[in-house]
Amino acid sequence: MSEAAFLNGNEAIAYGVKLCRPDVIAAYPITPQTKAVEKLSQFVQDGEMATQYMHVESEHSAMACSIGASAVGARTFTATSSQGLLYMAECLPYASGARLPIVMMNANRSIATPWNIYGDQMDVMFVLNAGWVQLFVENGQEALDMVIQSYRLAEDTRVMAPVMLNIDGFVLTHTYEKVLIPDQADVDAWLPRLQVQEHMMQDNNPMSMCITAGNAHNMEFKVRQHQDLLRAEALLEEVDASFAAAFGRSWKGAVDAYRCDDAELILLTTGSVSGTARVVVDELRAAGRRVGLLKLRLVRPFPAARVAEVLRGARAVGVFDKNISFGYEGTIYTNVNSALLQHGCTAPTMNFIGGLGGRDVSRGDLVAAFDRLQLLADGAGAGASGIDRVQYLGMRCEA
């Protein structure tokens, strides 16, 4: 049985972590994820969790602590955001290269300069190449459920990779909604305890976790790591199907297509904006327009074939990015275009960049995006240079 509670996204994450019974939590506060680790601290203080809670001196230390704990077979959790994630960046490939199944929440937030504490997805785009599974959630229920799924995914020996669970800062971390909390016994039955693997340190088997591998061997290590990470896409589908059978909720694996079967115009989104986009799709459908939504949940490994399969029949495709790869375009847009090219899809595409620094993404913004996609589909939406394929939604002044 599940218990209903009125939780914000930070609390939903904390309850999900509690249900997974981590051995070690490494905590350092940074807005807007602080309430998640505070809630976990409260659980430990009240005796509701038998966990080693370590309040460390920095985000770098939080990841270093997580690496040490996971290296000896402890189930480990940490959380960060924005500049804190960038401070961790040095440690992230140590965790993934050592094949340590750490789960981390990242409350997506803008990065400096100028200083801003509000939400966009600039932070995570800096570390997409760190070798972590990268998941994005839309709401509090998905956040809680995906904590549980993330441990099952990370600890599977076919992948054995750390998982970063991305949740939009403030829009989700501080917004309250009804969330169903699974029963502890049901989670215990579904999520087995982490088994110490042969590549982890044990008292009777001392080893070095960070060997030197020169040009004679390094490439083989990295290609093997890459190939195993690619398996995470299919494994996520498997994990989600198993979760749905046990708890009655499915999050559709790597992508969630909404009203795309006959859609002429499809907008691809990640994170919380997907909820607003779904409402807009319903409104435009009621007005007779054939539009659809593709919610991208898994960004690494990138589900290229699945994305191309959904978008193949569209007359025009829009990609909404809450980030800019400075000097080029939105990062997700680059990935989607590559996927379409690889799989022979010829639909024209347009990049919509918005929500930076916490700027609201309104219903009107998304209607305007579909209107521009209609022009693109009709052959009137792109100049000869292609520069206007990148559109900035919600701009209030000239940049």
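The values are calculated or read from the model by the stated rules, or taken from the named source; none is laboratory data. Note that the structure is a prediction, hence the values are computed from the model and not measured. Virtual Cβ from ideal backbone geometry, glycine too; neighbours counted across all protein chains shown.
Here are the numbers:
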quantity	calculated
Qualifying residue in region 348-367 (condition: closer than 17 Å to Asp261 by Cα and either of a type in the set (Phe, Trp, Tyr) or modelled with pLDDT of 95 or more (or both))	no
Qualifying residue in region 33-52 (condition: more than 30 Å from Met1 (Cβ to Cβ), buried (at least 18 other Cβ atoms within 10 Å of the Cβ) and touching a strand residue (DSSP E or B) at 6+ places or on another chain (Cβ under 9 Å))	no
Members of region 122-146 found to be of a type outside the set (A, V, I, L, M) and assigned to a loop (DSSP other than H, G, I, E, B), listed by number	Phe126, Gly131, Trp132, Glu138, Asn139
Any chance Gly119 is part of a loop (DSSP other than H, G, I, E, B), out of contact with any Phe, Trp or Tyr (no Cβ under 8 Å at 6 or more places or on another chain) and modelled with pLDDT of 95 or more	no
Arg193 vs. criteria assigned to a helix (DSSP H, G or I) and under 18 Å from Asp156 (Cα atoms)	no
Total residues in region 97-109, condition crowded, with 24+ Cβ neighbours inside 10 Å, over 28 Å from Phe6 (Cβ atoms) and either of a type in the set (Gly, Ala, Ser) or in contact with a Leu (Cβ under 8 Å, 6 or more places away or on another chain) (or both)	1
Qualifying residue in region 257-273 (condition: in a helix (DSSP H, G or I), outside the structural domain of Val171 (by TED's automatic domain parsing) and buried (at least 20 other Cβ atoms within 10 Å of the Cβ))	yes
Counted residues, region 67-81 - those being at pLDDT 95 or above, assigned to a loop (DSSP other than H, G, I, E, B) and not aliphatic (A, V, I, L, M)	2
Residue in region 85-101 that is in a helix (DSSP H, G or I) and out of contact with any helix residue (DSSP H, G or I) (no Cβ under 8 Å at 6 or more places or on another chain) present	no
Region 71-116 - residue that is β-branched (Val, Ile, Thr) and farther than 17 Å from Ile324 by Cα and, of those, farthest from the chain's Cα centre (by Cα)	Val72
Residue in region 363-381 that is outside the structural domain of Ser96 (by TED's automatic domain parsing), surrounded by fewer than 20 Cβ atoms within 10 Å (Cβ to Cβ) and within 24 Å of Ala112 (Cβ to Cβ) present	no
Pairs with Cβ under 7 Å, 6+ apart, first in region 304-316 and within 17 Å of Phe370 (Cα to Cα), second part of a helix (DSSP H, G or I)	Leu311/Leu340; Arg315/Ala377; Ala316/Leu373; Ala316/Leu376; Ala316/Ala377
Matching residues, region 144-203, being farther than 30 Å from Ser110 by Cα and among the charged types (D, E, K, R)	Glu155, Asp156, Arg158, Asp183, Asp186, Asp188, Arg193, Glu198, Asp203
Residue match in region 197-206 (condition: at pLDDT 95 or above, surrounded by fewer than 21 Cβ atoms within 10 Å (Cβ to Cβ) and part of a strand (DSSP E or B))	no
Failed item in (1) modelled with pLDDT of 95 or more; (2) in a loop (DSSP other than H, G, I, E, B), with Ala245 passing the rest	(2)
Enumerated strands (runs of 3 or more DSSP E) restricted to region 1-66, each holding at least 1 residues that are closer than 19 Å to Pro182 by Cα	3-8
Qualifying residue in region 277-284 (condition: buried (at least 16 other Cβ atoms within 10 Å of the Cβ), in contact (Cβ under 8 Å) with a residue 60 or more places away in the chain and among the charged types (D, E, K, R))	no
Pair list, Cβ under 9 Å, 6 or more apart: region 338-353 residue part of a helix (DSSP H, G or I), other residue aromatic (Phe, Trp, Tyr)	Ser338/Phe302; Ala339/Phe302
